[in-house]
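Please read the structure below before turning to the comments.
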Amino acid sequence: MNFKTIEWKNNKVILIDQTRIPIEEKYLEISDYRELADAIIKLKVRGAPAIGIAGALGVCLGANKIDKDDKEEFNKRLKIIIDELAATRPTAVNLFWALERMSTRLENSKSKGVSEIKEQLLREALAILDEDKIICKKMGENGASLLKDGDTVLTHCNSGALVAGGIGTAVGAIHTAFNQGKKIKVFADETRPLLQGARLTTWELLKAGIDVTLICDNVAAYVMQQGLVNCVMLGADRIAANGDVANKIGTYGLAVLAKYHNIPFYVVAPTTTFDMSIKTGSEIPIEQRASEEVTFGFGKQTAPDDVPVYNPAFDVTPNELITAIISEQGIYYPPFDFKDHAQ
Ligand code: MRU
């Protein structure tokens, strides 16, 4: 990987601006937590694990800006900051998981002074980032074990190194299989309306030397019908206790298509994406985004000004359409039972 998705340097969060890829590789240096929150909302940093990491580092930016030595005041202000970061995007559970972990660290540091609490918070956020690298590696190996030499994989949205501290989720597994010497071809859906597949997945795969072909979303059915796809492999933003999966809008449609064409449908996601507090996918909050993303995408008007638009960013795929869910802990087959899945 010759780019860094997110890191902490000189008390700043350094992000590759994902809204500029593939036009340019521009890094943002963020020192204000509100700017970071805005970067999450605007998808400058995106993808489930990456927004968890960004949220945790955002807490550190916020903590550094509080110049109070009074612990009670510090805690009060930091909790408000954590709430602001939590209000950025609702669907990927990794954000809430990471913020919860930062809140627990704050709670457990009660006996310390403010400057030591700040240090401890930073240590926790960097641990989240480092752990994600190891998780991605294991998850990649587990996912790669399902890919055979010569396979063609259809993927949706972006789930490579841009979504994580490490090599990513589904694209991480493809990458791992490729590094194991397997010849893998990829069809990347462009992923309307924000084109994460066209802009980001193809960019990552081309950089890695992996054979990728870009298709419009509505070509997926046709390539399956033509027998050109061996499996669908993609990531997740939240997985319910029964194995229902929320992921980028269009995922559910692909799962239905895969079932019809008898093609395995694999979801690759770290434990931090599992939400065992909810029984089914119907409880997952689905982010609704601005109508301009559909009517005025990338600076060009493509629909009348006043047309009503429905623009959900995610959908939920019912567990019965999923062949396997792969995490760093192993491969799960239906009926999904994550009882032993440590969180
Ligand atoms: O709106 P985005 O670009 O943040 O959506 C991201 C996705 O839906 C990814 O497929 C998902 O995070 C899985 S990869 C970690």
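If packing is taken as the mean number of other Cβ atoms within 10 Å per residue, what is the order of 52-61, 19-28, highest first? It would help to have the intermediate numbers written out before the result.
Working: 52-61: 28.0, 19-28: 13.2.
The most tightly packed comes first, giving 52-61, 19-28.
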Q | Percent RCO, i.e. relative contact order, over region 169-235, from Cα pairs under 8 Å lying at least 6 residues apart | A | 35
(Q) Counting only other residues whose beta carbon sits under 12 Å from that of Ile40, what net charge do I get with K and R as +1, D and E as -1? (A) +1
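When only C-alpha pairs under 8 Å and at least 6 residues apart count, what is the relative contact order of region 142-332, in percent?
22
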Q: Per residue of region 47-52, in order, report the coupling 6.51 cos²θ - 1.76 cosθ + 1.60 (Karplus, θ = phi - 60°) as ³J(HN,Hα) in whole Hz, putting x for Gly and Pro.
A: x, 3, x, 5, 6, x
Q: Whole number in Å², please: accessible area per residue of the chain, 1.4 Å probe, ligands, DNA and RNA not counted.
A: 44
Q. Say R0 is 56 Å: what FRET efficiency, to the nearest 0.05, do Lys259 and Arg123 get from their beta-carbon distance?
A. 0.80
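Assigning unit charges at the beta carbon (Lys, Arg +1; Asp, Glu -1) and nothing else, what dipole magnitude in debye, to the nearest 20, does the chain show about its Cα centre?
That gives a dipole near 520 debye.
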Q: Could you name the lysines whose alpha carbon sits less than 20 Å from that of Lys182, not counting residues in the same chain fewer than 8 places away?
A: Lys137, Lys138, Lys148, Lys207
Q: Would you give the gap between the C-alpha center of region 101-124 and the C-alpha center of region 56-82, rounded to a whole Å?
A: 10
Q) Summing -39500 (n - 2.57) over the DSSP H runs of n ≥ 4 in the chain and dividing by its residue number, what mean residue ellipticity at 222 nm do you reach, to the nearest 500 deg cm²/dmol? A) -11500 deg cm²/dmol
**Q.** For the chain, share of DSSP beta bridges that run antiparallel, in % to the nearest 5
**A.** 50
(Q) Need the list of lysines near Lys300 for cross-linking: C-alpha distance under 25 angstrom, and skip anything on the same chain fewer than eight residues off. (A) Lys26, Lys42, Lys44, Lys248
Q: For Thr169, enumerate residues with amide H under 5 Å from its amide H, sequence gap 5+ or separate chain, H modeled in the peptide plane.
A: Gly160
Q: Please list, in chain and number order, the residues 5+ apart from Phe314 or on another chain whose amide H is under 5 Å from its amide H, with Hs placed from the backbone.
A: Ile249, Glu287
Q.
I'd like the Karplus ³J(HN,Hα) series for region 109-118: coefficients 6.51, -1.76, 1.60, θ = phi - 60°, whole numbers in Hz, and an x wherever there's a Gly or Pro.
A. 9, 3, 6, 8, x, 4, 5, 5, 4, 4
Q. Remind me, relative contact order of the chain in percent, using alpha carbon pairs under 8 angstrom and six or more residues apart?
A. 16
Q.
Could you put Arg289, Arg105, Arg123 in order of accessible surface area, largest first, with the 1.4 Å probe and the full protein assembly present?
A. Arg123, Arg105, Arg289
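The values are calculated or read from the model by the stated rules, or taken from the named source; none is laboratory data. A quick note: this is a predicted structure, and the numbers were derived from the prediction, not measured. Please note: Cβ atoms are built from the backbone with ideal geometry, for glycine as well, and neighbour counts cover all protein chains shown. Accessible surface is based on the protein model in full, side chains and every heavy atom, while ligands, DNA and RNA are left aside. Shrake-Rupley method; radii C 1.70, N 1.55, O 1.52, S 1.80 Å.
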